[in-house]
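Below: one structure, written as structure tokens.
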Amino acid sequence: MILSLTLLVFGFLLTGLAVRQFVFKRKLIAASLNGLLGLIVLLVATFISMLLFNVQSYIQLTKERVLAEVEIVTVDAGTASLRLTVNGKRRNYALSAREWRLDARFIKWKPWVALLGKDPVVRLDALSGRYVVPGNRVIKVYNLHEDYEIIDSIIANLTDHFGMVDTMYGSSVYMPIEAGAHYQVSANHAGLIARPVNQKGEQAVMQWDR
């Protein structure tokens, strides 16, 4: 960024010098050379600026924020003890299912707002078990939020007047339950992302429903 700004300033100086030489001193050759050099410098500065902007845009729109960690502590007789860590706070849950599922609610900003560095508003909503074919099985659902709905509505209403909000929506991720597996849940501008972060988790994903 400093390089592109320096080139822009240098290009404008050369262009200004060319105009001065042409208008006040009638030095056509020197004015032409300085003007051509100034134009080339400005074009190079513009190219570098656009390249840096595109790189920054890509980084900003693909940036991820870690929301939670999920650890499968034990699995005994079909019931799993699952440890959920959010903001450094740990809590254990019991799930009788083959997979765990984490739901969250998003307020997604317009792309121009995201490029300014505004992260989406994300609220973890619920933790539950999941079956490939639920059937008549009872699935336990744990609510993870408190009274955040009012806060979400206020944020959406205030910012939507300025055309900043793209949409409000829900996003979910789910992974297999396997004793010892450790997963990380992140959020970007597209939604939730879950990844295994240890060997047990990677093995569970590789053997998923085989």
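Are any residues in region 76-101 under 17 Å from Val173 (Cα atoms) and open to solvent by 70 Å² or more (accessible area, probe 1.4 Å), and if so, which ones?
Arg98, Arg101
Rundown of residues vs (1) at pLDDT below 90; (2) more than 23 Å from Thr74 (Cβ to Cβ); (3) in contact with a Phe, Trp or Tyr (Cβ under 8 Å, 6 or more places away or on another chain); (4) open to solvent by less than 30 Å² (accessible area, probe 1.4 Å), yes/no style:
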site: His161; (1), (2), (3), (4): yes, yes, no, no
site: Gly170; (1), (2), (3), (4): yes, yes, yes, no
site: Ala179; (1), (2), (3), (4): no, no, no, no
site: Val205; (1), (2), (3), (4): no, no, no, no
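With the requirement that a residue be in contact with a Ser or Thr (Cβ under 6 Å, 6 or more places away or on another chain) and among the small types (Gly, Ala, Ser), what does region 180-196 give you?
Listed by number, the list holds a single entry, Gly191.
Does any residue in region 68-82 that is under 11 Å from Ile177 (Cβ atoms) come within less than 8 Å, Cβ to Cβ, of a residue that is acidic (Asp, Glu) six or more places away or on a different chain, and which pairs are these?
Ile72/Glu178; Val75/Glu178; Leu82/Glu71
Go through region 105-131 and give me each residue that's surrounded by 18 or more Cβ atoms within 10 Å (Cβ to Cβ), modelled with pLDDT of 90 or more and under 23 Å from the mean Cα position of the chain (by Cα).
Listed by number, the list holds a single entry, Leu127.
The values are calculated or read from the model by the stated rules, or taken from the named source; none is laboratory data. Bear in mind the structure is a predicted one, so any value in this text is a computation, not a measurement. Note: ideal-geometry Cβ built from the backbone for every residue, glycine included; neighbour counts use all protein chains shown. Quick note on the areas: whole protein, heavy atoms, side chains included, nothing else; ligands and nucleic acids left out. Shrake-Rupley method; radii C 1.70, N 1.55, O 1.52, S 1.80 Å.
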